[in-house]
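A short worksheet on the structure shown next.
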Amino acid sequence: MQTTLYDELGEENLRTLVDRFYDLVFENEQIAHLFKTDKNEIKERQRLFLTQFFGGPALYSEKFGHPRLRARHMPHIITQDDAVAWLSCMSVALKDLPIDEALKDELFKRFVPTAMFMVNQDEN
Ligand code: HEM
């Protein structure tokens with residue numbers, strides 16, 4: 001069986017990553033204002049989503065149906081600057097994980113196109 005990024009990262013590291021990531025997001029002056037849901041709820045949804053995004057079991061879809069990620073982000077105005085801020089929080093959250101640099105790079109690379117795809121508003 002092929003090893004997935006989820007296997008390489010591991011459940012515990014994913015939990016830590018999501019935890020640190022939203023702690024940073026909720027303090028980020030560019031994007032914090034967009035997040036209105038309870039922090040623990042959004043952490044849980046993202047943990048379920050990233051489990052399947054990185055090749056693990058389809059936990060998010062089992063609970064919430066097809067992710068339709070871009071559609072789910074449409075109620076929020078997301079600019080390119082917001083995507084960059086989101087990615088910079090992710091980069092910081094990845095930094096301190098006890099995993100290889102190569103795996104960090106691999107994971108980060110997966111986030112970039114998805115974050116850019118969520119942009120739904122021109123700047124200004
Ligand atoms: C580009 C920058 C992004 C911004 C500004 C953003 C913002 C948001 C906001 C405001 C919410 C709703 C939070 C709430 O209910 O309070 C949300 C939900 C979510 N986002 Fe993002 N997001 C971005 C990129 C991403 C990316 C790249 C992913 C995945 C790799 C992602 C995955 C999710 C998931 C799984 C949810 C929960 C959806 C649900 O079940 O309702 N987001 N995001």
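In the stretch 51-70, which residue that is over 15 Å from residue 110 (Cα atoms) and within 16 Å of the chain's Cα centre (by Cα) is surrounded by the most Cβ atoms within 10 Å (Cβ to Cβ)?
60
Condition check: more than 8 Å from the ligand (Cβ to nearest atom) and surrounded by 12 or more Cβ atoms within 10 Å (Cβ to Cβ). Does residue 119 satisfy that?
So residue 119 does not fit the description; no.
Conditions: (1) surrounded by 14 or more Cβ atoms within 10 Å (Cβ to Cβ); (2) assigned to a helix (DSSP H, G or I); (3) under 15 Å from the mean Cα position of the chain (by Cα). Residue 103 meets all but one. Number of the miss?
For residue 103, the exception is condition (3).
Does residue 48 count as over 16 Å from residue 118 (Cβ atoms) and over 13 Å from the mean Cα position of the chain (by Cα)?
no
Name the residues in the stretch 11-44 that are surrounded by 14 or more Cβ atoms within 10 Å (Cβ to Cβ), assigned to a loop (DSSP other than H, G, I, E, B) and away from the ligand (no atom under 13 Å from the Cβ), would you?
Answer for the stretch 11-44, where residues must be surrounded by 14 or more Cβ atoms within 10 Å (Cβ to Cβ), assigned to a loop (DSSP other than H, G, I, E, B) and away from the ligand (no atom under 13 Å from the Cβ): there is none.
For the stretch 106-124, how many residues are assigned to a helix (DSSP H, G or I) and either within 15 Å of residue 76 (Cβ to Cβ) or not acidic (Asp, Glu) (or both)?
Summing the residues that are assigned to a helix (DSSP H, G or I) and either within 15 Å of residue 76 (Cβ to Cβ) or not acidic (Asp, Glu) (or both) in the stretch 106-124 gives 11.
More than 18 Å from residue 22 (Cα to Cα) and touching a residue at least 40 places away in the same chain (Cβ under 8 Å) - does that describe any residue in the stretch 89-96?
no
In the list 4, 16, which residue meets the criterion of being in contact (Cβ under 8 Å) with a residue 40 or more places away in the chain, touching a Gly at 6+ places or on another chain (Cβ under 7 Å) and of a type in the set (S, T, N, Q)?
Within the list 4, 16, the selection yields 4.
Which of the residues belonging to the stretch 83-100 are closer than 26 Å to residue 30 by Cβ and more than 13 Å from the chain's Cα centre (by Cα)?
Answer for the stretch 83-100, where residues must be closer than 26 Å to residue 30 by Cβ and more than 13 Å from the chain's Cα centre (by Cα): 95, 96, 97.
Within the stretch 45-88, count every residue that is farther than 15 Å from residue 18 by Cβ, within 8 Å of the ligand (Cβ to nearest atom) and among the basic types (Lys, Arg).
Summing the residues that are farther than 15 Å from residue 18 by Cβ, within 8 Å of the ligand (Cβ to nearest atom) and among the basic types (Lys, Arg) in the stretch 45-88 gives 1.
Values quoted throughout were computed directly from the atomic coordinates according to the rules given, and no laboratory measurement underlies them. This is a predicted model, so every value here is computed, not measured. Counting neighbours? That spans all protein chains shown, and the Cβs are built from the backbone with ideal geometry, glycine included.
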